[in-house]
Amino acid sequence: MKKLLLSLLLSITTFSTMANLSSNDKHLIEKQLGYLEQSFQQKQWNSVLNVAPPRLLERMASQAGMDVNTFKLSLMNLATSSVKSLRTNSYGYDLTKVISGKTSVRDYAFIPAYYDVNINGKQKQGKAYLLGIEDNKQWYFIHWDNQFKDAMKNAYPDLAHIQEPK
């Protein structure tokens, strides 16, 4: 569950670079990622959850037998108690290597992310992809992890065939 939580807190087509996104989308992505990075570093879990894809949270809440607000509160409480000793050494994104795409319904982007954290006395470093999706003119993000792939594809069927970059 802690790995699931850490993964959550940390995210059909031809791929292209971020240059193919509209300037408005680029601006929104950069703004949201700045907000997400700051929220993660300050352990503001509610803010982190605010940029998670809404339909994904709704689906996960339903599977847990909860309404979305109760589910988010549960995740925040779990995050607060599970990662009290979290120390973020570095956390960020490489916006020069964003790979974007488009489904029949929405734009999406794979954003290379990196982290260096110390949790419960253990150093963890890694690189991963954050998946950004446009939904109703807003951008939302989730750490692209095997634990979320099926749930994302069920919540957003148009994303069923996307693959993270190799």
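Being in a strand (DSSP E or B), under 18 Å from SER39 (Cβ atoms) and among the hydroxyl-bearing types (Ser, Thr, Tyr), is that true of even one residue in the range 117-136?
no
Residues are listed down the side, and each one gets a yes or a no for (1) surrounded by fewer than 20 Cβ atoms within 10 Å (Cβ to Cβ); (2) under 16 Å from the mean Cα position of the chain (by Cα); (3) over 19 Å from ALA52 (Cβ atoms):
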residue: PHE110; (1), (2), (3): no, yes, no
residue: GLY126; (1), (2), (3): yes, yes, yes
residue: ASP135; (1), (2), (3): yes, yes, no
residue: TYR140; (1), (2), (3): no, yes, no
residue: ALA151; (1), (2), (3): yes, yes, no
residue: TYR156; (1), (2), (3): no, yes, no
residue: LEU159; (1), (2), (3): no, yes, no
Mind listing whichever residues of the range 32-47 are charged (D, E, K, R) and closer than 15 Å to LEU131 by Cα?
GLU37
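The numbers here are math on the coordinates, done by the rules we state, and not lab data. Keep in mind that this is a model prediction, so the values were computed, not measured. Ideal geometry is used to build each Cβ from the backbone, glycine not excepted, and the neighbour counts take in all protein chains shown.
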